[in-house]
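Read-outs throughout are calculated quantities, based only on the coordinates presented, and are distinct from any laboratory measurement. Keep in mind it's a predicted model, so treat the numbers as computed, not measured. Glycine also receives a Cβ, built like all others from the backbone with ideal geometry; neighbour counts cover every protein chain displayed.
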Amino acid sequence: MIPFEEALAILQTYSVKQKTESVDLYHALDRILAEDIHSDVAMPPFNKSAMDGFACRKSDLKNPLVVIEEIPAGTPPTKSIGENQCARIMTGAMVPEGADFVVMKEHVETLDANHVRCTLKTSQTNICLLGEDVKAGELVIKSGTKILPSHIAILASVGCWLPLVYRTPSIAIISTGNELVEPVVKPGSTKIRNSNSYQMYAQIQQMGILPTYLGIVRDDQDSLEKVLASSLQDFDVTLISGGVSVGDYDFVPKILSKLGVNIPFHGMNVKPGKHMLFGEKDNHFVFGMPGNPVSSFVQLEVMVKPFLAGLMGRDEEIISLYLPLEEEFVRAKGDQLIFIPANPTNQGSVIPVEYHGSAHIHSYVNAQLIMEIPKGVLKINKGGQVRVRPI
Ligand code: AMP
Ligand code: MG
């Protein structure tokens with residue numbers, strides 16, 4: 001049994017960025033860029049009209065102007081603007097030679113079929129100048145950025161259709177236990193429904209990964225060996241729930257050893273989730289998750305998610321913060337680090353949720369935070385700082 005912090009430190013040494021791949025812009029959302037992106041064009045790429053109106057010389061604004069052509073967006077001007085001349089121009093069209101001003105349509109009166117006059121004394125030029133937003137060759141998005149919709153727009157604008165991103169790990173989910181039936185089945189007298197698989201599935205989905213569910217495996221060594229051998233080969237990460245503690249039917253550690261899996265840790269001084277196991281073989285990873293749904297939930301949040309974030313280059317993503325306690329916290333024994341459900345208050349403090357231990361699966365239903373009480377701490381005064389993670 002090792003301290004939780006030591007287990008995290010071990011995990012960090014394995015949580016190195018995965019290989020990269022190129023994905024198209026339909027699939028780039030929330031991925032982490034693995035290259036700097038430079039613009040191949042200036043933005044705007046030419047002096048561009050910001051308004052529908054008339055392009056002319058600023059010095060002619062007081063005079064009647066003859067309209068010499070019409071310039072729709074996407075069509076180049078054919079004439080240059082001389083004294084007392086203007087061109088009808090649309091938003092997004094190229095401003096013609098000679099013009100240094102666009103009068104908005106709304107600020108122009110029509111004199112006859114070919115003449116207009118500006119009704120405004122002053123206004124801004126309504127011209128977006130070549131390269132004023134981005135110069136050709138300029139760095140527009142840095143490697144390591146998480147791609148959000150606004151980044152997708154930039155990638156599209158600079159012609160980067162296939163950005164290089166870190167690969168998303170493939171993840172298998174397995175539940176073990178002779179007592180388990182799937183949710184659609186009404187359990188018999190000695191059975192319970194499998195909730196863990198679906199909870200794990202949803203937690204992984206929250207990270208933008210679609211895992212593969214491999215089903216319930218019975219507590220027998222041959223079945224376990226078969227499913228683990230293939231999932232270790234086929235997936236980057238296997239999450240197997242149950243069968244990792246010290247019961248007579250907890251075969252997972254033994255089978256993993258038999259399969260040649262290196263087990264950097266099994267068991268840590270933390271509650272809930274004491275029996276967590278982490279294994280590695282040829283850069284494929286396995287987490288032996290607690291069968292108990294509360295323990296599994298908490299450990300997936302505090303341990304597995306940061307590990308997966310590291311694989312994906314998303315290190316900065318797991319947030320924890322310190323908040324003051326709303327009321328005094330006291331416990332009888334301080335020999336373990338514990339995680340308990342809690343909520344924020346409107347005043348910015350934190351208040352624990354009623355919690356009867358790791359079998360109390362409803363305790364997290366109304367909790368928005370996981371609160372951490374360090375080993376050795378028996379009492380925290382009202383107003384004392386506690387570490388919390390949003391869930
Ligand atoms: P185990 O770690 O296999 O000893 O299981 C610990 C506890 O969690 C037992 O009460 C199991 O019945 C329960 N449990 C194990 N797997 C699941 C699961 N997939 N869904 C819900 N409860 C489970
Ligand atoms: Mg079991």
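GLU182 sits among other residues whose Cβ lies under 15 Å from its own Cβ, and their net charge, with Lys and Arg +1 and Asp and Glu -1, is +3. Net charge within 11 Å of LYS79 by Cβ-Cβ distance, Lys/Arg positive one each and Asp/Glu negative one each, not counting LYS79 itself? Every neighbour counted, the sum reads -3. Think of it this way: in the chain, CYS118, CYS128, CYS160 stand alone, with no other Cys Cβ under 4.7 Å.
Normalised by the number of residues in segment 261-351, the mean separation of alpha-carbon contacts (under 8 Å, six or more apart) gives a relative contact order of 23 percent.
Using every pair of distinct Cα positions in the chain, the Kirkwood expression returns a hydrodynamic radius of 25.7 angstrom.
Can you show me the helix-derived [θ] at 222 nm for the chain, built from DSSP H runs with n ≥ 4 at -39,500 (n - 2.57) apiece and divided by the number of residues, rounded to the nearest 500.
Values: 7 runs with 66 residues, N = 391.
So the helix-based figure for the chain works out to -5000 deg cm²/dmol.
Note on the chain: with a GNM built from Cα contacts shorter than 10 Å, the maximum mean-square fluctuation among VAL103, VAL184, VAL134 falls on VAL184. Shown here for segment 259-352: trypsin sites (Lys or Arg not before Pro) in loop regions (DSSP other than H, G, I, E, B) with at most 15 other Cβ atoms within 10 Å, namely ARG331, LYS333.
Diffusion of segment 48-128 by Stokes-Einstein, at 37 °C in a medium of 0.692 mPa s and with Rh set to the Kirkwood radius over alpha-carbon pairs, works out to 275 µm²/s. Taking a ≥ b ≥ c as the square roots of the Cα gyration tensor eigenvalues, with a/c under 1.5 meaning rounded and otherwise prolate when a/b beats b/c, else oblate, which class fits segment 152-222? Prolate.
Tell me whether segment 321-390 comes out rounded, prolate or oblate; compute the Cα gyration tensor, take square roots of the eigenvalues as a ≥ b ≥ c, and use a/c under 1.5 as the rounded threshold. If you can, show how the numbers build up before the last one.
Values: a/c = 1.71, a/b = 1.01, b/c = 1.69.
Because a/c hits 1.5 or more and a/b fails to exceed b/c, segment 321-390 counts as oblate.
Take every Cα pair under 8 Å whose residues are at least 6 apart in sequence, average their separation, divide by the length of the chain, and the relative contact order is 16 percent.
Indicate, rounded to the nearest 5 percent, the antiparallel portion of the DSSP beta bridges found entirely in the chain. Before the final figure, lay out each step's value.
Working: 50 of 76 bridges.
If we restrict to bridges inside the chain, about 65 percent are antiparallel.
Let a ≥ b ≥ c be the square roots of the eigenvalues of the Cα gyration tensor of segment 140-267; is it rounded (a/c under 1.5), or, if not, prolate (a/b larger than b/c) or oblate?
Numbers: a/c = 3.39, a/b = 2.01, b/c = 1.68.
Here segment 140-267 falls in the prolate category.
The slack in the chain from ASN343 to ARG387, taken as 0.36 nm per residue of separation less the alpha-carbon distance, amounts to 14.6 nm.
For each pair in LYS191/LYS254; LYS17/LYS379; LYS62/LYS135; LYS58/LYS135; LYS58/LYS79; LYS305/LYS382, compute the distance between the two Cα atoms and list the pairs where it is over 28 Å. LYS17/LYS379; LYS62/LYS135; LYS305/LYS382, as the Cα separations exceed 28 Å there.
Counted as membrane-span-like here are DSSP H helices of the chain whose alpha-carbon atoms extend 30 Å or more along the helix's own axis and whose Kyte-Doolittle mean is -0.5 or above; there are none. The loop-placed trypsin sites (Lys or Arg not before Pro) in segment 122-196, going by DSSP, that have at most 16 neighbouring Cβ atoms within 10 Å of their Cβ come out as LYS135, LYS142, LYS191.
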